[in-house]
Amino acid sequence: MLKDHKYECQKCKERGFYKKATHVHHVQYVKKHPRLALSKTYIFQGKEYKNLIPLCHNCHEEEHDHRQRKKKKLLTEERW
Ligand SMILES: [Zn+2]
Ligand SMILES: [Zn+2]
């Protein structure tokens, strides 16, 4: 997939500068629905979302850090 298109990091793009994407982040359904791993979008509750997001290394790490923090917060809440 990375060969087909010149992907740029979508997070850096939002911040207003260009960085070549080295990772493709899978948003949803990869483990549950392996067939969707190659799909660029997925439908959830009638809305279409991007499934694959090209990211540079830094932004990709960032994305996973954020998710871990959210999970930790949820676990703390569950204890209460
Ligand atoms: Zn980036
Ligand atoms: Zn990822």
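The values are calculated or read from the model by the stated rules, or taken from the named source; none is laboratory data. This is a predicted model, so every value here is computed, not measured. Cβ sites come from the backbone with ideal geometry, for glycine too, and all protein chains shown count toward neighbours.
Taking the criterion of being outside any strand (DSSP E or B) and among the hydrophobic types (A, V, I, L, M, F, W, C), the only residue of the range 41-57 that qualifies is 56. Screening residue 58 against (1) modelled with pLDDT under 75; (2) surrounded by 14 or more Cβ atoms within 10 Å (Cβ to Cβ) leaves a single unmet condition, (1). Return the pairs, sorted by first residue and then second, in which the second residue is surrounded by 12 or more Cβ atoms within 10 Å (Cβ to Cβ) and at pLDDT below 65, the first residue lies in the range 18-35 and is under 10 Å from residue 54 (Cβ atoms), the beta carbons are less than 8 Å apart, and the residues are 6+ apart or on different chains. Close Cβ pairs (under 8 Å, with a partner that is surrounded by 12 or more Cβ atoms within 10 Å (Cβ to Cβ) and at pLDDT below 65) amount to 21/2; 24/2.
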